[in-house]
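The values are calculated or read from the model by the stated rules, or taken from the named source; none is laboratory data. Just so it is clear, the structure is predicted and the values come from calculations on it, not from any experiment. Note that we place each Cβ from the backbone using ideal geometry, even for glycine, and neighbour counts take in every protein chain shown. Note: accessible area is taken over every heavy atom of the protein model, side chains too, but ligands, DNA and RNA are not part of it. Shrake-Rupley method; radii C 1.70, N 1.55, O 1.52, S 1.80 Å.
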Amino acid sequence: MAKKKKFRVGQQISKFFLGVILMGLLFFAGIFLYSSFQKTLPVLGEPGHTVGDFSFIDQDGKTITGKDVEGKIRIAEYFFTTCKGICPVMNNNLKAVQDAFKQRNDVIILTHTVDPGVDSVTELKKYAQRIHATPGKWEFLTGDKYELYKMAQQDYLLSADTATAASDDGAFIHTQYITLVDKQNRIRGFYDATDKQSVQQLIADIKTL
């Protein structure tokens, strides 16, 4: 009887460990399948299109060029400091992006003005401080108006209309969309910065790059 009891206990122990092993295998198989089916972001734009070099001035008066963001994931936005419409909503939502990647040095937000005649370095600095933008993590850029608009349209593939195109209240017409650029300067997505869900999708997509 004692031998049979020991045999049954041995069987139970064996089944227990076999169950643990099977659960472990299923767990790692699940991780593998999840990774395999994770969303792969497409490369957008014409074949071979990449974001080119640039030279603008940030809110601290420093010149920022393409070399300063080399090897970084960037989010490109266009706005103006006197905007009372979509800009405050966009930048409030983009704070979630800044906070999500505050520990990562390879993610940066580049916010360009569409009104460089008004948005001086001083004005950009005041605006950045007001919304608690982190220097080096979130850059507000000004410079030559032609170059700013050309960058928006030809490089980031955004529609930022010329400063002469204004609404009845004198506000500059621009876009609520922002561009995600990977470390190889390729465009990987467009997002509506006025939509919190779209911004959350942006955060999720950055994590896949």
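Classify the range 62-137 as rounded, prolate or oblate, taking a ≥ b ≥ c as the square roots of the eigenvalues of its Cα gyration tensor: rounded when a/c is under 1.5, otherwise prolate if a/b is larger than b/c and oblate if not. Provide the component values of the computation, followed by the final result.
Numbers: a/c = 1.87, a/b = 1.31, b/c = 1.43.
Oblate, because a/c is 1.5 or more while a/b does not exceed b/c.
Quick one: 3J(HN,Hα) in Hz for the range 64-70, Karplus 6.51/-1.76/1.60 with θ = phi - 60°, rounded, Gly and Pro as x.
10, 10, x, 5, 6, 10, 4
Mind listing which GluC sites (Glu not before Pro) in the range 42-140 are in a DSSP loop and have 16 or fewer other Cβ atoms within 10 Å? Each step should come with its number before you reach the end.
Numbers: sites: 70, 77, 123, 139; in loops: 70.
Hits after loop and neighbour filter: 70.
Could you sort 119, 60, 155, 144 by accessible area so the largest value comes first, with the probe set to 1.4 Å?
Details: 119 0, 60 65, 155 25, 144 90 Å².
The residues order as 144, 60, 155, 119, largest area first.
Calculate one ³J(HN,Hα) per residue across the range 189-203 by plugging θ = phi - 60° into the Karplus curve 6.51 cos²θ - 1.76 cosθ + 1.60, and present them in order as whole Hz with x for glycine and proline.
Taking θ as phi minus 60°, the curve returns x, 10, 9, 8, 6, 8, 10, 4, 5, 5, 5, 5, 5, 4, 4 Hz for the range 189-203.
5 Å is the cut-off here: which amide hydrogens, built 1.01 Å from N in the peptide plane, fall below it relative to residue 109, excluding neighbours closer than 5 in sequence?
75, 138, 139
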